[in-house]
Each structure stands twice: as structure tokens, then as C-alpha cells.
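Only one structure is covered here, and it is reproduced in the block below.
Coordinate-derived values only; no laboratory data. In this text the structure is predicted, and so the values were computed from the model without any measurement. Positions of Cβ are generated from backbone atoms using ideal geometry, with glycine treated the same way; all protein chains shown enter the neighbour counts.
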Amino acid sequence: MKTVIVYKWARNAEDAVVRNDGTVDWRNAKMTAGEDDFAALEAAKAIAEGDELIGLTIGDGDASWALARGVLQTISVTDASNLTDNASTAAIIVAAMRQIGGVDAVVIGDSEEYAGVPVALAGQLGWPAIAHVSSASAVDGRVQVVRKQGSSEQTISIAAPAVIAVSAASPEKKTPGMKEQLAARKRPVTKLTLAAIGAASDDKVSSKGTRLPETAAARIFDGDPAAAAEQLVAALRGEGVL
Amino acid sequence: MSDAWIIVTEEKQVAALVAAAKGLGGKITAIAVGPRALADAAAIAGPDEVKWVDAKGIPVEAYAGSVARLVAAALPKVVVASGTVEGRVLAGATAARLGAAVIPGGLKLSALGDRTVVERADLDGRVVETIEAAGPVVTFYAGDDVASEGFAAVPVEPVGTDAAADILVEKTEPAAGAGAGINQAAVVVSVGRGLKKKDDLAIVHDLANALGAEIGCSMPVADDLGWVEKERYVGRSGQHIAPQLYIAIGIRGAPQHLEGIRDAKVVVGINNDPDAPIFKFADYGIVGDLYDVIPALQAALGK
Ligand SMILES: Cc1cc2nc3c(=O)[nH]c(=O)nc-3n(C[C@H](O)[C@H](O)[C@H](O)COP(=O)(O)OP(=O)(O)OC[C@H]3O[C@@H](n4cnc5c(N)ncnc54)[C@H](O)[C@@H]3O)c2cc1C
Ligand SMILES: Nc1ncnc2c1ncn2[C@@H]1O[C@H](COP(=O)(O)O)[C@@H](O)[C@H]1O
């Protein structure tokens, strides 16, 4: 199946420092691929089954991320900015997909942070979608996916074209080596602009800033371990959980 | 004041979805997609009316187009969906039909003149961001559950759908580890990479025995180190558990780990790093070396 793998390259949210006033300091945040994206790529390869597999990234996307992982061609929409509204991000991806044409399946990381992107994408394409997928393949012209739902694991079959949002189960185990990185440099990257694909990069919402959540701070016991342990046990007995 | 729709795909958070939508001050219509019992649960959670799409046992996502059409016809300013995997798909389709913005992580909603204000969790819940929208907004609820206040049931109106999308469940099996004792345990003692070697698990087992607890762990302890069975790791891709008491020993508190214990009642962190994120999430904590704290806890429990 002709498959598109959508991936992102963005500041790592885990590196962001939250200041005491609730504002966020991004200065030391490293750029990284979405943590689910490598698993999405595995699923996309399985669905493509040797047919065309095209990478697509927007904004600061490092096109070589997919090329070094065996994708032969990728498209980058270079001037898309970081948007709060997930539907606007999806609209840019949709516009880029129109340039590709004839796509049977689009596979994308089901990131926690941008949980609305895959589903808004499916909505705008008018395609069915399955989220939180752990693995996928193509079976008899349909897409077959596996996903965990509560305490059960479902195998679901969905007619193409479809959007498949994949969640990784663990960090990527084997990252590309020097040989793959070099091969990636020889592969084609098509750079597109928003104007060229007829998309806009405007947020439909505006952020008024961030603050700390109102959660009660933990009661911390420190100092002498014996005293701390006794205080903890007393507190837990008080809660009725011991 | 603005009207809202809520998209309901599971009973668990219905009352919280309605409560969040009440912040807007307008009429609330719930659309429940699933079995009749789901619609009945929505009917007593406090909305003004309930529409019911009978999912007839096929995946709820197959009705995304129908739900989008039904909701968008009413032109609501705000749509709140449960953050479940199915709820999100229905909400995404609805947003496209409405031309709405999509904001994940919704906690609280209010109307400010003709604008909508969404407070949402960001950075794995480390901050709350305030967002304003002039046009329609779709958000997935990510706040806490609230207890239903026992509202009188409003009528449930079954609604017709377009042809469902071609999505079939081929097989349903118990997920790996679904039967592990850790899922039902009242107390779980869980260990992370703060433990230096496999043999040291003995002291963790001793503590668990003293507490009548099951053993859990962080992913690397099961996956990379193989010290504990894989069925026992807790988190995003591991077990999601709801014990009365969860004691995280030498576990940093990575967001992926914390996802597995959102429903735990009381969480204790034991870590030698006072800045470990587990202390931001826990109810109680001991800052100290686990090799000192575990024996001290044993002694304190014996008193
Ligand atoms: C897609 C994906 C999915 C994932 N899913 C999961 C998941 O489901 N579950 C999960 O757990 N992880 C998951 N992870 C991994 C997660 O990001 C963390 O890497 C992992 O939880 C860290 O485990 P840890 O806290 O045991 O180890 P570390 O991060 O190494 O932390 C060890 C902690 O022990 C403390 N410590 C060290 N020595 C002592 C001592 N002597 N006494 C007391 N404290 C001490 C340290 O201060 C530190 O806080 C996932 C990651 C990805 C990318
Ligand atoms: N699933 C996705 N695929 C591709 N790009 C995305 C996805 N989700 C978000 N983005 C974009 O990735 C960037 C994230 O930037 P940052 O805020 O630095 O994390 C923004 O340009 C987003 O619009």
C-alpha cells in the first residue's frame, strides 16, 4: 500500500524546565523525534510491504531522521511554525498529502503532547482512524492493527484509506549507525513551503501563558531514616491504607 | 454563556465531562456512543439531554462520521470528549466538520464574552496553560474524575446513523500480564533502577511480604535488566493499576511510569534525589537511600 509516515522533530518536553512562577524555560531542551515515531515507522513499513513509503515532516523536522531509518524519499514543509491548535497542524499535513496523492494509509506517532493531531488529520481527510496502535500490517488490501484496550488486546481490520496512530511501548532500541546516516544524505528531500501547498500557518487559538497546577505538595520526610520511616508508617495508618 | 456537547465513550468520566462543560454556563447535550447502559449512565450525570448512538458491538470509531454530522449540525461552540482512544477519534472527526480548533488536555472551561477559555494540562501535567479561542473548540478531557451528584435522569433519545465505517474487530485476547496479581493488589511495592543489583531484590521482597503487597517495577527493571517479570512493570506500556497504596522505591517518576498509577489512592516515593519528579506526584515521600530506608520501614512496621 502507498503509505505516508508523518514524523516530527521538536523540542523535548522532558527537557523543559518549569520555573517557580509556572513559566517554562525551553533553553536547554534538545531537539528530538517524537517518542512514538520510530514505532510508527515500523508499522508504516509493514503496511507499505515494499510499496511506496514516503516520509512527511513539517516545521523544524529533520528529514534525515526517516531517511536514515530506511525511508527512500521524504517531504518537508519547511516554514510551518509550532501551533497550539492541533487541527491547524493537521491541516498543514493534509495539504502536503494532497501533493503526494493516491495515499492508502497514513501512519503517525500517537503522541501524548499532540494527541489531537492524528484524529484531526483523519477528520479532515474524512478517513477512518484507529489510535493507540502497537503494531500494524497489510492483509488482503486492508490494514490490520493490534492495540491494547484496558486488559485486552484487540486485532482490528480497517479498510484503506485510513489513519493509523501508533504508540511506542519503549524507547527505540537500535538507532541508525554511521552507514545509515551516510546513506540518508544521498536520498531525496522535497522541500515545500506553505504557499506552495496552499496552507496557512495560523493558530486558531491564543495562549495566555502557563502556571503551576494546584496539586497539593507531597509530605516529605527526610533526615534520620528511622524517624522518617516511623512518621511515614504513622501517616499511612492514618490514611487507612496499612 | 455558550452551549456545549460532550462525546461519551466510557462510563468512567461522564460526570467529570459534564462538570467541565457546566463551566460554560449553557445547555449541555451528551452524545453517548456505545451500549444503552452507557447512555443511561450519561443521563444521570447532569446534562440537559442525551442522544444515543447504538454501537451494536462494532468499534465506536466506525461512527465518527455520524457523530461529527450530528454534533456539527447543532453548531456548538465547545465540544468536550473523553480522552480515551475512541473518544479522540470521534472528536477529531467532529472538529473537522465544525472547523473547530483541537486542544488536548482540557481541564476547565469558561466563557469570556463570546470567547472560550480552556485551561489545559501541558508538559505531562507539569503546567496548566490558559488558551483562548474565538471560534469553536474541541477538547479532550484530562482532569480528575468527579463523583456523580445523583442527578435525575434526563431522557435518552436514540439517533440514527449513516453507514458505519468498515472497521472490524477480528480478535480480542487478554493482554499480556492482564492476570498478574499486581492488577488486583491493594498494596504494591515497586522498584526502579535505584536498586543496584538483582540480589538486592531480596530486601524489596521482604518489605512486600511485611505489607502483604505485590511486587511491581519500572520498565527498565523488567525490560532491560530482566530482574522482575515483564507482566509486573507499571506504566504507559505496562500495567495500569489502582492500588490503595503504591510505594515507588528508586523510581524517578518518568511521565510514562506515572501514567500507570493515575488511579492509585496513595502514592509514596522513596528516592535519594530530592528533585526526583516522583515527589511532585506522590502524596508522601522519604528522601533517602533505599538501602537505609527499606530496613527502617521494616522496623517501623513491626512496632
Ligand atoms: C515510549 C516509551 C514508553 C515507556 N513506557 C514506560 C512504562 O510503561 N513504564 C516505565 O516505568 N517506564 C516507561 N518508559 C521509560 C521511562 O521513560 C523511564 O526511562 C523509566 O521509567 C525510568 O525508570 P527508573 O525510574 O527505574 O530509572 P531511572 O530513571 O534511572 O531512575 C532511578 C531513580 O532512582 C534513584 N536512586 C538511585 N539510587 C538510589 C538509592 N540508593 N536510593 C534511593 N533512590 C535511588 C535516582 O535518584 C532516580 O530517581 C517508557 C519510555 C518510552 C520512550
Ligand atoms: N504528529 C505530528 N507530526 C508532525 N508534526 C507535528 C506533530 N505534532 C506536532 N507537530 C509539529 O511539531 C512541532 C512541535 O514543536 P515543539 O513545540 O518544539 O515541540 C510543531 O511544529 C508542531 O506543529
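Around B:Tyr233, with a cut-off of 13 angstrom between Cβ atoms, what is the net charge of the other residues, counting Lys and Arg +1 and Asp and Glu -1?
Numbers: positive: B:Arg193, B:Lys230, B:Arg232, B:Arg236; negative: B:Glu214, B:Asp223, B:Asp224, B:Glu229, B:Glu231, B:Glu259.
Net charge in that neighbourhood comes out at -2.
Roughly how many nanometres apart are two label points built 7 Å out from the Cα toward the Cβ at A:Lys30 and B:Ala134?
Label at A:Lys30, label at B:Ala134, 4.1 nm between them.
Under the √(5λ) rule applied to the eigenvalues of the Cα gyration tensor, what semi-axes describe the equivalent ellipsoid of segment B:2-158? Give them in Å, descending.
So the three semi-axes of segment B:2-158 are 22, 17, 15 Å.
Could you derive backbone 3J(HN,Hα) for segment B:13-19 from the dihedral phi with the Karplus parameters 6.51, -1.76 and 1.60 (θ = phi - 60°), listing whole Hz in sequence and x where the residue is Gly or Pro?
Working through the residues one at a time gives 10, 4, 4, 5, 5, 5, 4 Hz.
First measure r as the distance between the Cβ atoms of B:Asp199 and B:Lys265, then evaluate 1/(1 + (r/R0)^6) with R0 = 41 Å and state the FRET efficiency to the nearest 0.05.
The formula returns an efficiency of 0.80 here.
If each of A:Val17 and A:Ala227 carries a label point 7 Å out from its Cα toward its Cβ, how far apart are those two points in nm?
3.2 nm
If one computes the Cα centroid of segment A:23-54 and of segment A:164-210, what distance in Å separates the two points?
With segment A:23-54 and segment A:164-210 each reduced to a Cα centre, they are spaced 7 Å.
Multiply the residue separation of A:Thr78 and A:Ala234 by 0.36 nm, subtract the distance between their alpha-carbon atoms, and state the gained length in nm to one decimal.
50.3 nm
Got a sec to turn the phi values of segment A:109-126 into Karplus ³J(HN,Hα) couplings, 6.51 cos²θ - 1.76 cosθ + 1.60 with θ = phi - 60°, whole Hz, x for Gly and Pro?
Once θ is set to phi - 60°, the couplings for segment A:109-126 become x, 8, 6, 5, 6, 10, 4, x, 5, x, 6, 5, 4, 4, x, 5, 6, x Hz.
What are the radius of gyration and Dmax of chain B, computed over its Cα atoms and given in Å?
Looking at chain B, its Cα Rg and Dmax stand at 22.3, 66 Å.
Which of the lysines could a cross-linker span from B:Lys77 if the Cα-Cα distance has to be under 28 Å and same-chain partners fewer than 8 positions apart are dropped?
Within reach: A:Lys204, A:Lys208, B:Lys12, B:Lys22, B:Lys27, B:Lys51, B:Lys108.
Among B:Arg88, B:Arg69, which comes first, second and so on when ranked by fewest other beta-carbon atoms within 10 Å? It would help to have the intermediate numbers written out before the result.
Working: B:Arg88 30, B:Arg69 14.
Ranking B:Arg88, B:Arg69 by Cβ neighbours within 10 Å, fewest first, gives B:Arg69, B:Arg88.
Expressed as an acute angle from 0 to 90° and rounded to the nearest 10, what is the orientation of the C-alpha long axis of helix B:85-98 relative to the principal long axis of chain B?
Helix B:85-98 and the main axis of chain B meet at about 30 degrees.
Taking the Cα centre of chain B as origin and charging only Cβ (+1 Lys, Arg; -1 Asp, Glu), how large is the dipole, in debye to the nearest 20?
In debye, rounded to 20, chain B gives about 220.
With no solvent and one equal point scatterer placed on each C-alpha of the protein assembly as shown, evaluate the Debye formula and give log10 I(q)/I(0) for q = 0.06, 0.08, 0.12 Å⁻¹, two decimals.
-0.30, -0.55, -1.22
When only alpha-carbon atoms are used, what values of Rg and Dmax, in angstrom, describe chain A?
21.6, 68
Rounded, prolate or oblate, given the Cα gyration tensor of segment B:116-190, with a/c below 1.5 counting as rounded?
In terms of gyration-tensor shape, oblate.
Only counting other Cβ atoms within 10 Å, I'd like B:Thr161, A:Thr78, A:Thr215 sorted with the fewest neighbours first.
Ascending Cβ contact count within 10 Å gives the list A:Thr215, A:Thr78, B:Thr161.
Would you calculate a helix-derived [θ] at 222 nm for chain A, using -39,500 (n - 2.57) for each DSSP H run of n ≥ 4 and dividing by the full residue count, to the nearest 500? Mind dumping the intermediate values first?
On the way: 7 runs with 68 residues, N = 242.
Rounded to the nearest 500, the figure is -8000 deg cm²/dmol.
Through the Karplus equation 6.51 cos²θ - 1.76 cosθ + 1.60, θ set to phi - 60°, convert the phi angles of segment B:208-218 into ³J(HN,Hα) values in whole Hz; use x for Gly and Pro.
Once θ is set to phi - 60°, the couplings for segment B:208-218 become 4, 4, 4, 9, x, 9, 8, 8, x, 7, 7 Hz.
Helix-only mean residue ellipticity at 222 nm, chain B, DSSP H runs n ≥ 4 weighted -39,500 (n - 2.57), per residue, nearest 500. What is it?
Per the formula, -7000 deg cm²/dmol.
Quick check: the distance between the Cα centres of segment B:32-105 and segment B:196-224, to the nearest angstrom?
Cα centres, segment B:32-105 to segment B:196-224: 42 Å.
Explain nothing, just the number: dipole magnitude of chain A about its Cα centre with +1 on each Lys and Arg Cβ and -1 on each Asp and Glu Cβ, in debye rounded to the nearest 20.
So the magnitude is around 680 debye.
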